[in-house]
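In what follows, a structure is listed as structure tokens, so that the remarks can point back to it.
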């Protein structure tokens, strides 16, 4: 089992110019705490929408690599999205699933992965051939390094613990600001790109 | 020109590139013709909520999009519209075919048909209804301009008065 914050730090340290979409809850909190960047799009709600947003982004930005970081509960809520990804095969999309077997931020109720439901096998069944599950930080780093340089789509399910988010971690709260910063950074909003920001 | 051809021309003229659709009888011709047109990236999700997410992601990446669905789909998409599209100020066109109204034969279509406009009102999504062929171009063009100039989702409803509805 992997410490979730250690995984988030290893993940953020490995990033270069990838576009990152983080799902609601600890996926957002941990990635933010590990190192904020303008190329991160943080979700504040809409449980289950991380994969669809990242997929739409990957379609629109074929020359960028897109990474979605989601929790197991969110993926379970919108599992059909894996079938869509498998059907369209976006080669620039990677989905990292933080699987702690619990809806942790709502009180730790167990998810179905706690009963042994295997999301990597689900992803494979949805046609995402490069789907795997890792149990240690070393395995995660090795797998991430391998798939970041290879055509996707990829699903990497990481078995993580249920540590709480760092209470000092500031959660980005203003949705419109998250959007405008992200789009301003990648240059998809002309007027935002032209504004002077400092 | 058939109303669905005018809709397609308006989408193209206003640079709507990403078309996400959940199957619907009334929108069948539109979806088929869009799929044959290289100007559109036509995507079929498993559910309307997922479709909203895909259109939002495409917009972040620089492509304007629309979601095509039946009014039943709005029920599936209500939360993501209220929690993503509206607060993040992400513009999109929702093209919604109306069931459960004039000429409806299927009892189970009526509930969501009646809830359509109150749901959009509750989510603060402006909506306009196309009933006659001569108003299609103006409503489509105006709705797209409103959405993408003011960064909000805007719905255009296809009335059975325009589409003829669905008969058995």
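We did not get these values from a lab; they are worked out from the coordinates using the rules stated. Computed from a prediction, not measured in an experiment: that's the story for all the values here. A quick note on method: Cβ atoms are made from the backbone with ideal geometry, for glycine too, and the neighbour counts reach across all protein chains shown.
Between helix A:4-14 and chain A there is an angle of about 50 degrees, using the helix long axis and the longest principal axis of the Cα atoms. With Rh defined as the Kirkwood radius, the inverse of the mean 1/r over Cα pairs, the Rg/Rh of the stretch A:71-114 is 1.06.
DSSP finds beta bridges in chain A, and of those with both partners inside it, around 5 percent are antiparallel.
For the protein assembly as shown, the antiparallel share of DSSP beta bridges with both residues in that region comes to about 5%.
Distance between Cα centroids, the stretch B:1-58 to the stretch A:25-56: provide it in whole Å. So the separation of the two Cα centres works out to 27 Å. For the stretch A:117-132 versus the stretch B:112-163, the spacing of their alpha-carbon centroids is 39 Å.
Suppose R0 equals 22 Å. What FRET efficiency, 1/(1 + (r/R0)^6) with r the Cβ-Cβ distance, do residue A:139 and residue A:63 give to the nearest 0.05?
Values: r = 30 Å, r/R0 = 1.34.
Given R0 = 22 Å and the Cβ-Cβ separation, E is 0.15.
Based on the Kirkwood approach, the hydrodynamic radius assigned to the protein assembly as shown is 21.0 Å, with every pair of different Cα atoms included.
For chain A, the longest principal axis of the alpha carbon atoms and the long axis of helix A:50-60 meet at an angle near 50°. Ordered by the number of other Cβ atoms lying within 10 Å of each residue's own Cβ, fewest first, B:105, B:40, A:182, B:128 fall into the sequence B:105, B:128, B:40, A:182. Dividing the mean sequence gap of close Cα pairs (under 8 Å, 6+ apart) by how many residues chain B holds gives a relative contact order of 24 percent.
Applying D = kT/(6 pi eta Rh) to the stretch A:141-198, where Rh is the Kirkwood radius over alpha-carbon pairs, T corresponds to 20 °C and eta to 1.002 mPa s, the Stokes-Einstein value obtained is 139 µm²/s. Here the sum of -39500 (n - 2.57) over DSSP H runs of 4 or more residues, divided by the residues of the protein assembly as shown, equals -12500 deg cm²/dmol at 222 nm, to the nearest 500.
Using only Cα atoms, find the angle between the long axis of helix A:137-148 and the longest principal axis of chain A, and express it within 0 to 90 degrees, rounded to the nearest 10. The answer is roughly 50 degrees.
Compute the convex hull volume of the Cα atoms of the stretch A:31-148, divide it by the residue count, and report the result per residue in Å³ as a whole number.
Values: hull volume 13.8 nm³, N = 118.
So the per-residue hull volume is 117 Å³.
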